[in-house]
Structures are given as C-alpha cells and as structure tokens.
Amino acid sequence: MTTQTVTVTGMTCGHCAASVREEVGSIPGVTTVDVDLATGLVTIGSDRQVDAEDIREAVAEAGYAVAG
C-alpha cells in the first residue's frame, strides 16, 4: 500500500470534494481518496505509486488544480 498527498486549490464545498474524490478514485490502482476540504489536502491510497501527472490530470478533470 502506497500513500501520496497533494494539495488541491479551489475546492469550496462538499460537492467540490466529491468531484475530486471521484476523478482521483478512477485512476487505476487507487483504492482510497480522502479529501480535507479545510486544507485542500488530498490523501491518495493505492496499491502502487501513482504518477503525479495522472493525479494532476484527474484533479483538472474535476475542475481544480494541484498546488505547486
């Protein structure tokens, strides 16, 4: 099990968090996605290391951006 964290900007409500959770959760290998709306921190659990670009693309598909 691998855990990665990213900070997502622009989320303001539960629907935002759900959108990010859904898109990131659809990446092959991802098993859990925990979104902390207050901080923008997204913790991703997976069975292998997920490519950072795949995470950025999934977050963008949800309508948000990875900070940094």
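The values are calculated or read from the model by the stated rules, or taken from the named source; none is laboratory data. Quantities reported herein were computed from a predicted structural model and do not represent experimental measurements. A quick note on method: Cβ atoms are made from the backbone with ideal geometry, for glycine too, and the neighbour counts reach across all protein chains shown. When the accessible area is computed, the model is the full protein with side chains, heavy atoms only, and any ligands, DNA or RNA have been set aside. Shrake-Rupley method; radii C 1.70, N 1.55, O 1.52, S 1.80 Å.
Odds and ends about this structure:
- Any hit, the range 50-67, residues being open to solvent by less than 30 Å² (accessible area, probe 1.4 Å), assigned to a strand (DSSP E or B) and among the hydrophobic types (A, V, I, L, M, F, W, C): no
- Checking the stated criteria, ASP34 turns out not to satisfy the condition of being assigned to a helix (DSSP H, G or I) and either open to solvent by 40 Å² or more (accessible area, probe 1.4 Å) or in contact with a strand residue (DSSP E or B) (Cβ under 7 Å, 6 or more places away or on another chain) (or both).
- Annotation note: of GLY29, GLY40, the sole residue that is touching an Asp or Glu at 6+ places or on another chain (Cβ under 9 Å), surrounded by 14 or more Cβ atoms within 10 Å (Cβ to Cβ) and not hydrophobic (A, V, I, L, M, F, W, C) is GLY29.
- Pick from the range 5-26, criterion open to solvent by less than 50 Å² (accessible area, probe 1.4 Å) and touching a strand residue (DSSP E or B) at 6+ places or on another chain (Cβ under 6 Å), ranking: nearest to ALA65 (Cα to Cα): VAL8
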